Amino acid sequence: MKKMAGLKLFTFLVAALVFGWSANTIQAQTAGQPAPDHPAVTVHGQTYTPRSILSRNMGTPEDQTTPFPPHRIVGNIYYVGTRTLSSFLVVTPQGNILIDTTYERNVPTIEKSIQQLGFKVSDIKIVLGSHAHGDHQEGDALTKQMTGAQVMAMAEDVPALQAIKPGGKDHPIDRILHDGEPVMLGGTTLVAHLTPGHTRGCTTWTMKAQESGKMYNVVINCSLRPPTMLTPAIVDEFKRSFKLVRSLPCDVQLGDHPAQYEMEAKYAKLRNGGRNPFVDAASCKREVDIEEAMFHAILAEQQKPAQR
């Protein structure tokens, strides 16, 4: 029995290395160990550790499956996800685009949120994702089954996506995307930016949204949360990704976890009326500031033995 358990663990770890899963994900899904509480970084007056960032992003199991009130963010972009797992609906005259299906068990929840907004899940024509982890793209197969939508994915994430098979279902991929490639539907264009590190094909999406006669640059960030063990290849990927994200024009910053853009606080302000709180260019680089500081702290800690 112990030999079999050891073999399963070894197989999982090999797969994790091949598919680029983060060290935090490996810890959580094997021995159940939480992310470490060091190193600590202070950014914009708030102190963070790998553990606190993971907890902030994921919340409790209940948070991951409980719907957050669906709402319009800006222009034709709507939130249809849960308390801690983002899912965005982009509405166009020729059908809609869904970004991140999250867990398969959340697909009915997302469908209900879409209906509450007055839209139909059957109008989804394209399914996109942020990155190849189950909490963000496990529901792709069921969503395609329900809607017939085209599922598109960044080339570098294809192997990891193909390993996600809820209930034994193959992960559908109808179109393979590459860095800088546009996805167009009904007059709306989203551009896929390769921002690897968290996964090999981590994809940050950009688009323009019009509201009250103004055009806004929207950035939907893929997670930049670094693993607790950085290889030279991962270091290079993160450095490229941080630089790229900082270069993107941004008026509205969103993310694959709502906490990355302070959704709850902004939603509360939205309900009070007045200026749209999601239009906040000043906060666009806040998340990259946090994650880049954590990246450098982890790297410095990792390099300490080599410096002795």
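The values are calculated or read from the model by the stated rules, or taken from the named source; none is laboratory data. Note that the structure is a prediction, hence the values are computed from the model and not measured. FYI the Cβ positions are ideal-geometry reconstructions off the backbone, even for glycines, and counts take in every protein chain you see. When the accessible area is computed, the model is the full protein with side chains, heavy atoms only, and any ligands, DNA or RNA have been set aside. Shrake-Rupley method; radii C 1.70, N 1.55, O 1.52, S 1.80 Å.
DSSP finds beta bridges in the stretch 63-170, and of those with both partners inside it, around 65 percent are antiparallel.
For the stretch 153-235, trypsin sites (Lys or Arg not before Pro) are listed when DSSP marks them as loop and at most 15 other Cβ atoms sit within 10 Å of their Cβ; the list is LYS169. For ALA300 and LYS120, the difference between the fully extended length at 0.36 nm per residue and the C-alpha to C-alpha distance is 59.9 nm. This model, with +1 at the C-beta of Lys and Arg and -1 at the C-beta of Asp and Glu, gives the chain a dipole about its Cα centre of some 260 debye.
In this label model, ASN217 and ASP236 are separated by 2.8 nm, measuring between points 7 Å along each Cα→Cβ vector. For the stretch 227-308, the Cα-based Rg and Dmax, in that order, read 16.5, 57 Å. Just the Kirkwood number for the stretch 23-148, please: inverse of mean 1/r across all distinct Cα pairs, in Å, one decimal. Hydrodynamic radius (Kirkwood, Cα pairs) of the stretch 23-148 is 15.7 Å. Stokes-Einstein diffusion for the chain, with the hydrodynamic radius set to the Kirkwood value over Cα pairs and evaluated at 4 °C in a medium of 1.567 mPa s, equals 66 µm²/s. Going 7 Å from the Cα of ALA293 in the Cα-to-Cβ direction, what parts of the stretch 194-229 have a backbone nitrogen less than 17 Å from that spot? Once the point is set 7 Å along Cα→Cβ of ALA293, 224-226 turn out to lie under 17 Å by backbone N, inside the stretch 194-229. Sequence-ordered 3J(HN,Hα) estimates for the stretch 48-60 from the Karplus curve with 6.51, -1.76 and 1.60 and θ = phi - 60° stand at 10, 10, x, 5, 5, 5, 4, 5, 4, 6, 8, x, 8 Hz, glycine and proline given as x. With contributions of -39500 (n - 2.57) from each DSSP H run of at least four residues, the per-residue ellipticity at 222 nm computed over the chain stands at -11000 deg cm²/dmol.
Peptide packing for 256-263, 183-190 was compared via the average number of neighbouring C-beta atoms within 10 Å per residue; ordered from the highest value, the list is 256-263, 183-190.
Between SER130, SER223, SER212, the Gaussian network model of the chain with springs among Cα atoms under 10 angstrom shows the greatest mean-square fluctuation at SER212. Highest mean packing first, where packing is the average number of other Cβ atoms within 10 Å per residue, the peptides 140-149, 51-60 line up as 140-149, 51-60.
Considering only alpha-carbon pairs that sit under 8 angstrom and 6 or more positions apart, the relative contact order computed for the chain is 15 percent.
Rolling a 1.4 Å probe over the heavy atoms of the protein chains gives the chain an accessible area of 45 Å² per residue. The calculated FRET efficiency for the pair ASP63 and GLN94, based on their C-beta separation and a Förster distance of 45 Å, comes to about 0.85.
In this simple spin-label model, placing a label point 7 Å from the Cα along the Cα-to-Cβ direction at both ALA155 and ALA268 gives a separation of 4.6 nm.
For the chain, the longest principal axis of the C-alpha atoms and the axis of helix 107-116 are separated by about 30°. Think of the chain as having a plus end and a minus end, set by charges on the Cβ of Lys, Arg, Asp and Glu; of LEU98, THR47, LEU270, THR47 sits farthest toward the positive end of this dipole.
Surface composition of the stretch 176-242: carbon plus sulfur atoms contribute 57% of the solvent-accessible area (1.4 Å probe, protein chains only, all chains present).
Of all DSSP bridge pairs formed entirely within the chain, close to 70 percent run antiparallel.
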